[in-house]
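*Asks:* Please read through the structure below; I'll follow up with questions.
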Amino acid sequence: MSDRLRVLVTRRWPEAVERALAEQFDVTLNETDEPLSQAQLADAMAEFDVLAPTVSDRIDADVIAGGERVKLIANYGVGFDHIDLSAAKTKGIAVSNTPGVLTDATADLALTLMLMAARRAGEGERELRSGKWTGWRPTHLIGSALKGKVLGIVGMGRIGMATAERAKHGFGMKIAYFARGPKDEAKALDAEFCPDLETLLAKSDFVSLHIPGGAATSNMIDAQALAAMKCGSYLINTARGGVVDHDALADALKSGHLAGAGLDVYPEEPQVPEALLELENVVLLPHLGSANAETREAMGLRAMANIEAFARGGDLPDRVA
Ligand code: DGY
């Protein structure tokens, strides 16, 4: 029997990283690339030394309870609200993530959503593909400019900052932020720190969410928060779906209080809240924040670096629990 660490990779990774991982460890891939069931995940905890899950796996207390063998959960991704950290800690299981490497890709997507929502790009594409476009006219699908508008960043961490930089330097927006800082980098952007969420919401033409998911931020953007947003403003979410009350968001979009929204994440993926699907003024993307080839490879290498450190008995570079 091999004395190499047994590693279960729950979803397919970029091939080059899978190959590199298999050179060092006894790797089992989930060839179907379908999400494993909760029972399969729990069984895996007793069979493997390392579990390498993604955001599509729910590593809850019941799964972790089966963890007789697993000593490391090396998440492929930066967010870890799908992993019960306190249950892992109780079992003596370390948890790592992949910070930093998906900052640019996610910030790019936040700007993509802002532009798509502000310029009604989704509506336009649907109209054209359905054969309903009747030609150019001065009043057709009029959107909003970004230049000179206030972008309110909720969560000025790495991704919030990268989004703010793009908005400021690329599109001439003004930046306000809440939830972390103030930092020197934020000062360099002339970014205005807001002491509370309401202040930020009331002054922003666009609000972009960059906070972690989980109990502390669940439904943070609820009906009251949406009502506090400026009339005619836009909400962008590339963070986690649970941060937003989607029924309240659908109401705010229907009433016209919000001009639009751009979403990449949902509370129960891959389900998308029904009320949003029928609205024209919301852009809906399927959790694409980190989806470019360079980033997905870098995420794999970063997860692998944590597994290697664990195998050597060293400190994990990206330990979160
Ligand atoms: C992340 O890394 O958290 C992204 O949402 C994809 O998992």
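*Asks:* If you check A225, A216, which single one turns out to be under 17 Å from the mean Cα position of the chain (by Cα), assigned to a helix (DSSP H, G or I) and of a type in the set (G, A, S)?
*Replies:* Criteria check complete, one pass: A216.
*Asks:* Sticking with this one: In this structure, is L284 surrounded by fewer than 20 Cβ atoms within 10 Å (Cβ to Cβ), closer than 24 Å to A107 by Cα and touching a strand residue (DSSP E or B) at 6+ places or on another chain (Cβ under 8 Å)? Even if it seems obvious, please write down each step before you answer.
*Replies:* Details: surrounded by fewer than 20 Cβ atoms within 10 Å (Cβ to Cβ): yes; closer than 24 Å to A107 by Cα: yes; touching a strand residue (DSSP E or B) at 6+ places or on another chain (Cβ under 8 Å): yes.
Here the answer is yes, as L284 does meet what is asked.
*Asks:* Mind checking whether some residue in region 191-205 is closer than 22 Å to D108 by Cα and touching a Leu at 6+ places or on another chain (Cβ under 7 Å)?
*Replies:* yes
*Asks:* Between V70, V63, V50, V55, which is on the phi < 0 side of the Ramachandran plot and either within 16 Å of the ligand (Cβ to nearest atom) or of a type in the set (F, W, Y) (or both)?
*Replies:* Numbers: V70 fails: either within 16 Å of the ligand (Cβ to nearest atom) or of a type in the set (F, W, Y) (or both); V63 fails: either within 16 Å of the ligand (Cβ to nearest atom) or of a type in the set (F, W, Y) (or both); V50 fails: either within 16 Å of the ligand (Cβ to nearest atom) or of a type in the set (F, W, Y) (or both).
Among V70, V63, V50, V55, only V55 is on the phi < 0 side of the Ramachandran plot and either within 16 Å of the ligand (Cβ to nearest atom) or of a type in the set (F, W, Y) (or both).
*Asks:* Evaluate the following for A261: is it outside any loop (DSSP other than H, G, I, E, B), over 22 Å from V78 (Cα atoms) and among the aliphatic types (A, V, I, L, M)? Walk me through how you get there before you give the answer.
*Replies:* Numbers: outside any loop (DSSP other than H, G, I, E, B): yes; over 22 Å from V78 (Cα atoms): yes; among the aliphatic types (A, V, I, L, M): yes.
In short, yes.
*Asks:* Ok, one more. Would you mind finding the one in D184, D190, D205, D222 that is charged (D, E, K, R) and in contact (Cβ under 8 Å) with a residue 60 or more places away in the chain? Don't jump to the end; show me each part of the working.
*Replies:* Working: D184 fails: in contact (Cβ under 8 Å) with a residue 60 or more places away in the chain; D190 fails: in contact (Cβ under 8 Å) with a residue 60 or more places away in the chain; D222 fails: in contact (Cβ under 8 Å) with a residue 60 or more places away in the chain.
Of the residues listed, the single one that is charged (D, E, K, R) and in contact (Cβ under 8 Å) with a residue 60 or more places away in the chain is D205.
*Asks:* Could you count how many residues in region 79-103 are in contact (Cβ under 8 Å) with a residue 40 or more places away in the chain, in contact with a helix residue (DSSP H, G or I) (Cβ under 6 Å, 6 or more places away or on another chain) and among the charged types (D, E, K, R)?
*Replies:* Result for region 79-103: 0.
Any read-out appearing in this document is the output of simple, stated calculations on the displayed coordinates, not a laboratory observation. Remember, predicted model here, so these are calculated numbers, not experimental data. Neighbour counts run over all protein chains shown; Cβ positions are idealised from the backbone, glycine included.
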